[in-house]
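Each remark here refers to the structure printed beneath this line.
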Amino acid sequence: MTPALRIISPGLSTTIQDVGRSGFQRLGVSVSGALDLVSLHAANALAGNPGNTGALEALYVGPTFAVDTDDTRLAFAGADAVIEILDDADARGGEIIPTMRSVRVRRGQVIRVGSLKNGATLYIAVEGGFAVAPALGSVSTDSRGRMGGWQGRPLLEGDVIPLRRATASDRDEYLIDGLDLAAPRRFRAVLGPQSDNFSDQEIERFFASEYTMSAGSNRMGMRLEGQAIGHLRGFNIVSDAIATGSIQVPGSGQPIVLLADHQTTGGYPKIATVISADLPALGRLPIGSKVSFAPVTVEEAAAARRELAATVDGIAGTMVRLSIPATAVAERLLECNLISGVQDAAA
Amino acid sequence: MLDYRVLPAGDTALVIEFGDRIDRALSTLVLSLAQALDAERIEGVVETVPTFRSLMVHYEPLALAASSLIARIDALMQKLGSSEIVGHVWHLPVCYDPRFAIDLDEVAKRTSLSTQQVVERHSGPIYHVYMLGFLPGQAYMGEVAAELALDRLETPRTKIPAGSLAIASRMSCVFPLETPCGWHVIGRCPVPLWDPVHGTSLLAPADQVRFVPVSMREYETLATRASQGVLRIEPVSEFVGAVA
């Protein structure tokens, strides 16, 4: 039998994502990929995979799935969540583990991931990765273009997602301690490309305002509510290309930050673009978050990108072997208010 | 000297903007820069995305500084005046039958034309492919005859079928996948425009397209062959345009 994970409940919206599908935007193909590339890399590091391997990206509410292989290694990184490992689908309770660690699971066990806390995105990597065919060089799910991932769509109950490896390698489990996933006070953005569609006063107003991420947000874009931004010459422009992080201002004046699944072209003026180094932190923000922006230069943005690349390269160095019952684990559990869950499970 | 502006789109993309209109001369400039830049194969350039009036250049700033990229683009601009763009000429079969053309009556009413006249006006011109966007393989083709120019629907439809041919303002598109859409649907094209397996689009920017009306019976024959994967469509000729 093909080694697989069998989806019992898909959660709110769970897709397979890697670092995205670049090179085809000129044909109208979105880049897609993980909203939070740092956590994707962290999950893969814990699972022992190359950082760009496709993993499950769960939004807000995690999936429940069964292990259909002798044994395998999972790794969780991103938002906090109650992750229960049940001996079978009928078990009342099981071991509870926190995010930011790897775990070995065996055939028949059921992994139940609850609601995410302190973030919108959680990555679930499996050692060796999923055995899904890349579409145009990537396994990222493009739901609008219906390609990549699992049948080009979010997972559904009953899906059986094949794995590349039938067994976990024999090694210790790890946790990541000290990877900073906190949101910056202000997200850095470079002015343009259409900043001249806005008066200096409106640009100042934009950078001085605090916005709230609204419920209409999704993988295509983060819709913000707050101070409306006025246009100098109307809100329709002749369509041009969109970069991830573009902050477009439609007729309502309420900005939309375009995220991984954004369409390749669009017709609203874009006042500024969130810098690439701040996109992972932006991508993990949940609805209701307060968001504000700070202007930086392209050179400052490139320096920040270099710093983030070093952080990602250094993730492996922050991994701690789990065989020692690390106090860090207890601390993380406390942070997640999971201690009662552990006691229940132990009772 | 060519008139253009280089604008930042964050730290991993630049926009080279030639204007803010939909205009074939601007489009030719955009496409010739895209072809010239792609031919340079500059290390650190990830991809280029031509649009109506600008070219977006995605780059890796840790391999190629923005200032170096801009210098390379400025140098290319000096030679651009004499360059040509090359595209293909396509004749695309389209069925304007009311069973597909759900907005044909409404378009006729709003333009004070008969449905037959709408079809004639739409299938008359040779369209220029300005850009691909919104969906994989979706070509923006212009210009639709001025008398057919309508604003988008006030309330977009949640779903139109793959292959739908639609118009809005001076543009025409065939939507390669089922999609929400606020355009006026006036027909359907049986030719698949997007090959998801190979990641190829039938149409490319700079191509020229003429829509050839076919009957429902001809449509069905072509659609059946398309679903069997045996519908082959070849360009009728090459198109070569020059930067004015």
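The values are calculated or read from the model by the stated rules, or taken from the named source; none is laboratory data. What you see is a predicted model, and the numbers here were worked out from it, not measured in a lab. When we count neighbours, we look across all protein chains shown, and the Cβ atoms used for this are built from the backbone with ideal geometry, even at glycine.
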- Any chance you could count how many residues in region A:76-132 are not hydroxyl-bearing (Ser, Thr, Tyr) and not in a strand (DSSP E or B)? 22
- Output the residues belonging to region A:124-170 that are farther than 30 Å from B:GLN138 by Cβ and free of Cβ contacts under 8 Å to residues at least 12 places away in the same chain. A:ASP170
- Do we have B:TYR130 as within 14 Å of chain A (Cβ to nearest Cβ), in contact with a helix residue (DSSP H, G or I) (Cβ under 7 Å, 6 or more places away or on another chain) and not in a helix (DSSP H, G or I) here? yes
- Query: B:GLU84 passes all but one of (1) at the interface with chain A (Cβ under 7 Å from one of its Cβ atoms); (2) modelled with pLDDT under 95; which number fails?
  - Reply: (1)
- Message: A:THR141 - would you say it is within 14 Å of the chain's Cα centre (by Cα) and within 14 Å of chain B (Cβ to nearest Cβ)?
- Response: yes
- For B:VAL191, work out the one condition from (1) closer than 26 Å to A:ARG21 by Cβ; (2) out of contact with any Pro (no Cβ under 9 Å at 6 or more places or on another chain) it doesn't fulfil. (2)
- In the set A:ASP278, A:ASP261, which member is in a helix (DSSP H, G or I) and buried (at least 20 other Cβ atoms within 10 Å of the Cβ)? A:ASP278
- Query: Residue check: is A:GLY149 surrounded by 19 or more Cβ atoms within 10 Å (Cβ to Cβ), within 30 Å of A:PHE293 (Cα to Cα) and under 16 Å from the mean Cα position of the chain (by Cα)?
  - Reply: no
- Task: Could you please find all residues in region A:264-275 being buried (at least 24 other Cβ atoms within 10 Å of the Cβ), at the interface with another protein chain (Cβ under 10 Å from one of its Cβ atoms) and farther than 17 Å from A:VAL31 by Cα?
- Result: A:LYS270, A:ALA272
- Message: Looking for something more than 8 Å from chain B (Cβ to nearest Cβ) and outside any helix (DSSP H, G or I) - is there at least one such residue anywhere in region A:306-319?
- Response: yes
- Take A:ALA4 and decide whether it is under 20 Å from the mean Cα position of the chain (by Cα), at pLDDT 95 or above and within 20 Å of A:ILE111 (Cα to Cα). no
- Among the strands (runs of 3 or more DSSP E) lying completely within region A:1-65, list those that include at least 3 residues that are away from chain B (no Cβ under 14 Å), within 19 Å of A:MET147 (Cβ to Cβ) and in contact (Cβ under 8 Å) with a residue 40 or more places away in the chain. A:13-17, A:55-59
- Query: Out of curiosity, is B:ALA66 under 27 Å from A:VAL31 (Cβ atoms) and in contact with a Leu (Cβ under 6 Å, 6 or more places away or on another chain)?
  - Reply: no
- Please enumerate the residues belonging to region A:230-248 that are over 20 Å from A:GLY119 (Cβ atoms), surrounded by 24 or more Cβ atoms within 10 Å (Cβ to Cβ) and at pLDDT 95 or above. A:ALA241, A:ILE242, A:ALA243, A:SER246, A:ILE247
- Query: Identify, please: which residue in region B:149-167 is part of a strand (DSSP E or B) and modelled with pLDDT under 95 and is, among those, farthest from B:VAL119 (Cα to Cα)?
  - Reply: B:THR158
- Task: Looking only at region A:66-75, count how many residues are of a type outside the set (D, E, K, R) and part of a loop (DSSP other than H, G, I, E, B).
- Result: 1
- Query: Residues of region B:28-71 being part of a helix (DSSP H, G or I) and within 11 Å of chain A (Cβ to nearest Cβ), which ones?
  - Reply: B:VAL30, B:LEU31, B:ALA34, B:ASP38, B:ALA66, B:SER67, B:LEU69, B:ILE70
- The condition from (1) away from chain B (no Cβ under 12 Å); (2) surrounded by 16 or more Cβ atoms within 10 Å (Cβ to Cβ) that A:PRO295 misses is numbered (1)
- Query: Does any residue in region B:8-25 that is in the same structural domain as B:ILE73 (by TED's automatic domain parsing) and under 15 Å from A:PRO269 (Cβ atoms) come within less than 7 Å, Cβ to Cβ, of a residue that is acidic (Asp, Glu) and in a strand (DSSP E or B) six or more places away or on a different chain, and which pairs are these?
  - Reply: B:VAL15/A:ASP240
- Message: Could you list, ordered by first residue, the pairs with Cβ atoms under 7 Å in which the first is in region A:89-106 and assigned by TED's automatic domain parsing to the domain that holds A:ASN49 and within 15 Å of A:PHE65 (Cβ to Cβ) and the second is among the small types (Gly, Ala, Ser) and at pLDDT 95 or above, at least 6 apart or interchain?
- Response: A:ALA89/A:ALA66
- Message: Take A:VAL238 and tell me if it is out of contact with any strand residue (DSSP E or B) (no Cβ under 8 Å at 6 or more places or on another chain), within 13 Å of another protein chain (Cβ to nearest Cβ) and not small (Gly, Ala, Ser).
- Response: yes
- Residue hits (region A:241-258; within 10 Å of chain B (Cβ to nearest Cβ) and part of a loop (DSSP other than H, G, I, E, B)) are A:ILE242, A:ALA243, A:THR244, A:GLY245
- Task: Could you pull out the residue among A:SER195, A:SER199 that is loosely packed, with under 15 Cβ neighbours inside 10 Å and at pLDDT 95 or above?
- Result: A:SER199
- What pairs can you find where one residue is in region B:104-118 and farther than 17 Å from B:SER169 by Cα, the other is at pLDDT below 95 and of a type in the set (Asp, Glu), and their Cβ atoms are less than 7 Å apart, with a gap of 6+ or different chains? none
- When the residues of region A:153-192 are filtered to those that are surrounded by 15 or more Cβ atoms within 10 Å (Cβ to Cβ) and among the β-branched types (Val, Ile, Thr), which remaining residue is farthest from the other protein chains (Cβ to nearest Cβ)? A:THR167
- Task: Given the conditions (1) at positive phi; (2) within 11 Å of chain A (Cβ to nearest Cβ), report the number of the one that B:THR179 does not fulfil.
- Result: (1)
- Item | Subset tally (residues that are of a type outside the set (Ser, Thr, Tyr) and either more than 16 Å from B:PRO93 (Cα to Cα) or loosely packed, with under 14 Cβ neighbours inside 10 Å (or both)) for region B:217-230 | 5
